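Peer 1: Got a structure for you, questions after.
Nothing in this text is a laboratory measurement; each read-out follows from the coordinates by a stated rule. All values derive from a computational prediction rather than experimental measurement.
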Amino acid sequence: MAPNEHNNIASQPVGRESPALCFVRVLGSPFLRGPGIKCIVSIFTNFFLLQYRAAFFKGRYPVARADHPLDEKIPFTPRKVNIYLDFVAFWVRVIGFLLRHYGRQGLEPAKELIESIGKLYKKAAGVYGVCFSTTNRPFYLARPRFVIIHATDPHLMCIPSLHVMVVIHTYTLFRELIRRLGGEAQFAPQIEEMRKGALDITEAVLYVKQHSVNCIPAAMYAMTCFDSALFTPEEARGFCAELFLNAPSITKTDGDAIRAHILSLYQRFIAEGEKSEKWETPLLDFLFSLPKAK
């Protein structure tokens, strides 16, 4: 391969990877197929099956209302739905990127990412399985993707936000995997691309009213508990500080208040978690302190 051709490939963003092709490559790989299937089973069991069971047997499981007054400061923005729904493709594309640029050397990192996503869903279920949560979500059908959301999502798993957990884990693990592979300098633009993408999706979950500002710090806390080396309190502060910095529809005063609330609640969960035997305790205590959904 000519040097300039290699540079062109190396400069390609992660977003250029095809999620469908990544899926095919995983199922076609004897090394990745097993972990891939286990990951899908974990997602189905710990998210869809668990949530639909609660939706079907209404009243049998506690459901808390996770809304906060600051949610009203974030305008409902339907056009953000495409960013919101990208969270699965967001981590799947990383697999394609690793395999494309590292070949066999990328198999083990790809496997680590796949297995960790499955574990992430299982970890979140530790909260959902005890207390579900919901928010005031507009019934909006003007865009086809919202029709899909309303048809398939009972909206009972808000705290902690799995969307935010997944994208935070993806960008932090991607950075670590690239560092281990010795490509931190070469792929610095892609590392920044993934971090920025995680911020965009985190904002989008609030713009489309799938979550409350209370759900974000809960997810950040869960990620620090999941891997404190990847998502340290310092990393969390930096991540929070960039939310809604470039949001024309949100005033500076409201943006400051939103960021302050997210960071304060995250720090509260961290402090309470240090005194708890189980990581879920601060989140469950918070959920049971909230009004119950009718």
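Peer 1: Quote to one decimal, in nm, the extra length available between R143 and E72 on full extension: 0.36 nm per residue of separation minus the C-alpha distance between them.
Peer 2: Roughly 23.4 nm would be gained on extension.
Peer 1: Highest GNM mean-square fluctuation, the chain, Cα pairs closer than 10 Å: which of F90, F56, F23?
Peer 2: In the Gaussian network model the winner is F56.
Peer 1: Can I ask one more? Mean residue ellipticity at 222 nm from the helices of the chain, using -39,500 (n - 2.57) per DSSP H segment of n ≥ 4 over the full residue count, to the nearest 500 deg cm²/dmol?
Peer 2: Value at 222 nm, helices only: -19500 deg cm²/dmol.
Peer 1: Additional query: Convex hull volume of the Cα atoms in the chain, per residue, in Å³? Walk me through the numbers on the way to the answer.
Peer 2: Details: hull volume 41.8 nm³, N = 294.
In the chain, the Cα convex hull volume per residue is 142 Å³.
Peer 1: Another question, then. Report the full-extension gain for the segment S276 to T152: residue separation times 0.36 nm, less the Cα-Cα distance, to one decimal in nm.
Peer 2: Values: separation 124, 0.36 × 124 = 44.64 nm, distance 3.51 nm.
Extra length available between S276 and T152 comes to 41.1 nm.
Peer 1: Can you run the Rg to Rh ratio on the stretch 114-242? Use alpha carbon positions and the Kirkwood inverse-distance Rh.
Peer 2: 1.00
Peer 1: For K122 and E234 in the same chain, what is the full-extension length gain: residue separation times 0.36 nm, less their Cα-Cα distance, in nm?
Peer 2: Taking K122 through E234 to full extension adds about 37.8 nm, to one decimal.
Peer 1: What pairs from K123/K275; K38/K111; K73/K294; K38/K123; K58/K294; K73/K252 go past 21 Å between their alpha carbons?
Peer 2: K73/K294
Peer 1: Classify the stretch 183-233 as rounded, prolate or oblate from the Cα gyration tensor: take a ≥ b ≥ c as the square roots of its eigenvalues, call it rounded if a/c is under 1.5, otherwise prolate when a/b beats b/c and oblate if not.
Peer 2: Details: a/c = 4.50, a/b = 1.39, b/c = 3.23.
Oblate, because a/c is 1.5 or more while a/b does not exceed b/c.
Peer 1: Checking the a/c ratio against 1.5 first, then a/b against b/c, what shape does the Cα gyration tensor give for the stretch 251-294?
Peer 2: Values: a/c = 4.77, a/b = 1.45, b/c = 3.28.
The shape class here is oblate.
Peer 1: Further question: Compute the Cα gyration tensor for the stretch 16-127, then decide on rounded, prolate or oblate, letting a ≥ b ≥ c be the square roots of its eigenvalues: rounded whenever a/c is under 1.5, prolate when a/b is larger than b/c in the other cases, and oblate in all that remain.
Peer 2: It is oblate, given that a/c is not under 1.5 and a/b is not larger than b/c.
Peer 1: Could you pull the Cα extents of the stretch 189-278 along its three principal axes, largest to smallest, in whole Å?
Peer 2: That works out to 42, 31, 22 Å along the principal axes.
Peer 1: Shifting gears a bit: Using a Gaussian network model on the chain with a 10 Å cutoff between Cα atoms, which of R259, R16, R65 fluctuates the most?
Peer 2: Largest GNM mean-square fluctuation: R16.
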